[in-house]
Amino acid sequence: MTGAPRPATSRAPGEPLLTVRDLHVHLGRSHVLQGVDLDVEKGAVTGLLGRNGVGKTTTLKALLGLVPRTGTIRLQGVDGSIEKRPTPWVVRQGVGYVPEDREVFAGLTVEENLRLAEPMARATGVEPDYDQVHQLFGELYERRKQKAGTLSGGQQQMVALARVLLGRPRLLLVDEPTKGLSPRLVTEVAQVLERVAERTTVLLVEQNLSVVRHLVQRVVVLDAGRVVHRGEAAELLADADRTRELLGVGARRDAKADAGTARPEVTS
Amino acid sequence: MSTLLLLLATGLGLGALYFLVASGLSLIYGLMGVLNFAHGAFLSAGAYGTWWASQHLPGAGPDGAGFWLAVTFGVAVGAVLAALVELLLIRPLYRRHIEQVLVTVGLSLAAVALLQGIWGSDPIPFPRPSWTAGTVRVAGAAIPADRFLLIAAALAVLGGLLALLRYTRVGLVIRAGVENRSMVEALGIDVRRTFTLVFAVGGAAAALAGALGSVYLGSVTPQQGTSLLIFAFIVVVIGGLGSVTGSAAAAVVVGLVQQLANYYAASGVGDLSVVLLLAFVLLARPQGLSGRTA
Amino acid sequence: MSTPQDLTERFANRVRGRGSAGDGTGGEPGTGGGVSTSGSRASWRRRLGWVVPVVVLLVLAWLPYVNVSVPGLFSGVSNSPGTMQLLALSLTFGGIALSYDVLFGRTGLLSFGHALFVAAGSYTTALALGQLRVGLPVAVLLAVAVGVVLPLVVGAVALRVSGIAFAMVTLAFAQAGSILVLRNPGGATGGEEGLPLLRERVPDLLTGVVNAPYRYWLALAYLALCWVVVAWLVRSRAGHAWAAVRENAERLAVLGVSTYRAKLLAFVVGSLLGTLGGVVHLLVVGGATPFVTTTEFTLALLVMVVLGGAGSRWGAVIGGVLYTYLDNRLLQLASSDVVAGLPPVLRVPASEPLFVLGTLFVLVVFFAPGGLAGRVARRGRGRRTAPAVEGEDET
Ligand SMILES: Nc1ncnc2c1ncn2[C@@H]1O[C@H](COP(=O)(O)OP(=O)(O)OP(=O)(O)O)[C@@H](O)[C@H]1O
Ligand SMILES: [Mg+2]
């Protein structure tokens, strides 16, 4: 594994790939996001953290235009704010999305799931990156004729990741990729993500703090639709009280999970 | 025995008609979440378009090759109308399913009224090619040829739809869209482009049902679309919204049950059994409503 | 794809105009949009909320004594039997539309089976009068009994599913009723002919052309009854439960709150009022007609409610009255010289009321979400530009 930037104690923030200002989302009658400001640093993994129901998933969906939103969203290399643009357009600017519940197409085969993602690659002027996919997910190739709905949860997560990597996104939005996976699979997914992060900017929503510790450089913490903390991941995690205060039960749950999880064998 | 065969053939013919209407309804609902009440109007467009062409279109007529030209014209009218409805009325209300359904309800009312205003509400005799009036002997039973016309048309449409869904890129997008439209968009695909296509294809199938159903009935009325539509809805729901093969299977079941019960029990019992079948299916497996295209 | 559940449960909200869902307690007119009103205006409305309806009621009750001629609006003078008959029918439909709105606008239940209950009222009464030879009061009591038991049974079954599935089950039940009536079992229902009202079993005041004003008052009384019942229930705990079901059925389900009983209550109340509407319809038109059993009848109710404004008393009533009035009046106008003189391109559509109404309906859906009543209530208030919340419909 090459030298992807690992958490450093203090680093000057690099150039932002994505800049979000004053993002608001209303769903039904609730004001779910109430002015979120967010920078995603180019080449780094930014963690979007927070307790359950604070609006992490909604933030990712708002960035993509999957929910109606207001505010300013700027993507490097694209003129103007993309906040008015429809989802497919945003995605074709090189934004990949791995949703919270994987959302693979259950009735389609693995191969068909991947084929769907091809146009995204072509839109950005590259050929679909099957090499990387085979390299990272060798098992999927053997199961290419299988219906995605019959795969295990971990395998479905791999399909969701492979599908989006095919298009070589510039920015990858990943929502709780380790949710509901066994400790061994958590490690596996974390390893895949680490390799992906070597070449792609990532905005990662994650509850598992050991994964956060290994992957994330900078964190943004949400509470009730607002940003309540911003800073270096290592700094936050080093302060157990502050972590518990910001992330609530997540910290305790994670302590347990940590004990049972074989630490990802990645350099740190 | 020959009565039973006749009933089976008629039931299958009826099922074929239901399938032609239901397949489009099912795909439209599955992909777009629109319960399309205007589908009856597409059917009527096909019927009246065919009838009009057989009288006025050069080269078209009530028999022979002219008849097929007339049918082609009717189907084209249905497809164009459906595409226009999608582009002009459904698309501007994108994702507002409720308004979309309401608009189709308004259209269905207006369309019937318009046809009535132009051509009156009395049945108009429909062109019937001479060979459809003949019979085919099957195992001793004399089966009217028009039954086979309906069944063959439905089989052709079923085959065409399945090929479209299974072997084309658009079909792949439709299948994925029926399952989870947002995720298709999140992969950078503009699903809206497929909506017009699905409407046009569904409209064409309904228009074919309108034309061939009128051949079977021997006449065309403005209300024909609406009455077929209700049973087509039932077929769609029993078959599973969004599923073409499900619609086909359900159409066969509904057509046969209706024919057989109407004959062997009493007139009307068949219709009632179909309705009960729907209630039973829905209550037994409400989850069966979820989309599955193939 | 959209789950059938959330589809219809958001249904009512959406047609009431984006984001302007009323709180169900707001004053009239236009509960459909009472959210952003300032405090003073709201309290003003609450205190005087009953004044407008009462004044309107009094004016309407007085109408049979008014003898004016409004060319175009009515074919004769305002209290001619023909006009009274048309107005009686319009008011009846105002009430029936209000009963349908209990399900659709208030609770977010999209039923395609309301015709079943209207037909039950109409046919039960006609049959009781004709076959059982009972008097009108007994016949009406029988209809009320049917109007409670039938929706209880149908609702108990149909409400086990929701969304489109619910719509389809109700459609199926209504279709069964329609088939039954049309097949004319044992000659009881009269098939396509319908059943005439047995005059000698009905008070003389309600029959005969010249007694149209009494039928008018009957329809007005029915409408007032529906109004009061709906106004009262909407403000009661049941009404709040309905609003909660309409606003956020999923969340209630997650919280473990059972919405079944609230929905069943709405179903029974709406259907019972509809059944009474069937009785009044029978008396007003002088017979039970199979049209009241059809899906088209329910669709017409849906059109009325949306046209006027779903979830608002004024909306439903205005929709019902306007629809029925136009449906009949346009037909009369079609044979008039004005229309006959038009070129065919205009004459043909203009002489088909349903074409005009269908087109008007589409226009309302496009340009006046929230219906005519919502349009009035929203005037002066900035329209929210935030797009509708639909992004979530995929999960
Ligand atoms: N369609 C909707 N209508 C109304 N409220 C909604 C809707 N979708 C989400 N919400 C609310 O928005 C808030 C934020 O939801 P979101 O899914 O973004 O949370 P999250 O941070 O991702 O939580 P989790 O960690 O559990 O995934 C929650 O309170 C949720 O109830
Ligand atoms: Mg989430």
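Descriptive notes on the structure:
- Flag if A:Asp22 is modelled with pLDDT under 85, out of contact with any helix residue (DSSP H, G or I) (no Cβ under 7 Å at 6 or more places or on another chain), away from ligand 2 (no atom under 16 Å from the Cβ) and not hydrophobic (A, V, I, L, M, F, W, C): no
- Residue tally, condition open to solvent by less than 20 Å² (accessible area, probe 1.4 Å) and more than 9 Å from chain B (Cβ to nearest Cβ), over region A:99-120: 2
- Region A:172-192, subset of a type outside the set (D, E, K, R) and in contact with a Leu (Cβ under 6 Å, 6 or more places away or on another chain), residue farthest from A:Gly55 (Cα to Cα): A:Val192
- Meets criteria (more than 14 Å from A:Asp101 (Cβ to Cβ), of a type in the set (Asp, Glu) and crowded, with 20+ Cβ neighbours inside 10 Å) for A:Glu206: yes
- Residues of region B:20-47 that turn out to be open to solvent by 10 Å² or more (accessible area, probe 1.4 Å) and away from chain C (no Cβ under 14 Å), as a count: 1
- Residue within region A:73-88 that is at pLDDT 90 or above and either more than 29 Å from A:Glu127 (Cβ to Cβ) or within 16 Å of ligand 2 (Cβ to nearest atom) (or both) present: no
- Residues within region B:222-277 that are farther than 25 Å from C:Val161 by Cβ, touching a residue at least 40 places away in the same chain (Cβ under 8 Å) and among the hydrophobic types (A, V, I, L, M, F, W, C), tallied: 2
- Test: residue in region C:157-168 that is open to solvent by 40 Å² or more (accessible area, probe 1.4 Å), within 13 Å of chain B (Cβ to nearest Cβ) and not polar (S, T, N, Q): yes
- Residues that are within 16 Å of ligand 2 (Cβ to nearest atom) number at least 1 in the following helices (runs of 4 or more DSSP H) confined to region A:106-215: A:153-165, A:209-215.
- Every condition in (1) within 20 Å of C:Gly94 (Cα to Cα); (2) more than 14 Å from every other protein chain (Cβ to nearest Cβ) holds for C:Ser336 except the one numbered (1).
- Here is the figure for region A:52-95: residues that are among the β-branched types (Val, Ile, Thr), more than 9 Å from ligand 1 (Cβ to nearest atom) and within 20 Å of the chain's Cα centre (by Cα) total 6.
- Residue selected from region A:18-51 under the condition under 23 Å from A:Gly96 (Cα atoms) and polar (S, T, N, Q), by the criterion farthest from ligand 1 (Cβ to nearest atom): A:Thr19
Here is a yes/no grid of residues against (1) part of a helix (DSSP H, G or I); (2) open to solvent by less than 20 Å² (accessible area, probe 1.4 Å); (3) of a type outside the set (S, T, N, Q):
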| residue | (1), (2), (3) |
| --- | --- |
| C:Leu182 | yes, no, yes |
| C:Glu192 | yes, no, yes |
| C:Asn211 | yes, no, no |
| C:Tyr214 | yes, no, yes |
| C:Ala219 | yes, yes, yes |
| C:Val230 | yes, yes, yes |
| C:Arg246 | yes, yes, yes |
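- Counting only residues that are in a loop (DSSP other than H, G, I, E, B), more than 7 Å from every other protein chain (Cβ to nearest Cβ) and either open to solvent by less than 10 Å² (accessible area, probe 1.4 Å) or not acidic (Asp, Glu) (or both), region A:58-98 holds 12 of them.
- If the condition is being assigned to a loop (DSSP other than H, G, I, E, B), touching a residue at least 60 places away in the same chain (Cβ under 8 Å) and under 24 Å from the mean Cα position of the chain (by Cα), then region B:103-142 contributes B:Ser121, B:Asp122, B:Pro123, B:Phe126, B:Pro127, B:Arg128, B:Pro129.
- Residues satisfying the stated conditions in region A:157-181, i.e. more than 12 Å from chain B (Cβ to nearest Cβ) and within 16 Å of ligand 1 (Cβ to nearest atom): A:Gln157, A:Val174, A:Glu176, A:Pro177, A:Thr178, A:Lys179, A:Gly180, A:Leu181
Residues checked against (1) assigned to a helix (DSSP H, G or I); (2) among the small types (Gly, Ala, Ser); (3) over 30 Å from B:Leu283 (Cβ atoms):
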residue	(1), (2), (3)
C:Leu103	yes, no, no
C:Leu109	no, no, no
C:Ser122	yes, yes, no
C:Leu127	yes, no, no
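- Residue count, region B:178-190 (criterion: assigned to a helix (DSSP H, G or I) and more than 8 Å from chain C (Cβ to nearest Cβ)): 3
- The residues of region A:18-57 that are within 28 Å of A:Arg195 (Cα to Cα) and assigned to a loop (DSSP other than H, G, I, E, B), listed by number, are A:Lys42, A:Gly43, A:Ala44, A:Gly50, A:Arg51, A:Asn52, A:Gly55.
- Summed over region B:204-229, residues that are of a type in the set (S, T, N, Q) and buried (at least 24 other Cβ atoms within 10 Å of the Cβ) total 1.
The values are calculated or read from the model by the stated rules, or taken from the named source; none is laboratory data. Note that the coordinates shown come from a computational prediction; the quantities given were computed from them, not determined experimentally. Because the Cβ atoms are built from the backbone with ideal geometry, glycine has one as well, and the counts that use them run over all protein chains shown. Heads up: the accessible areas ignore ligands, DNA and RNA and are worked out on the full protein's heavy atoms, side chains in. Shrake-Rupley method; radii C 1.70, N 1.55, O 1.52, S 1.80 Å.
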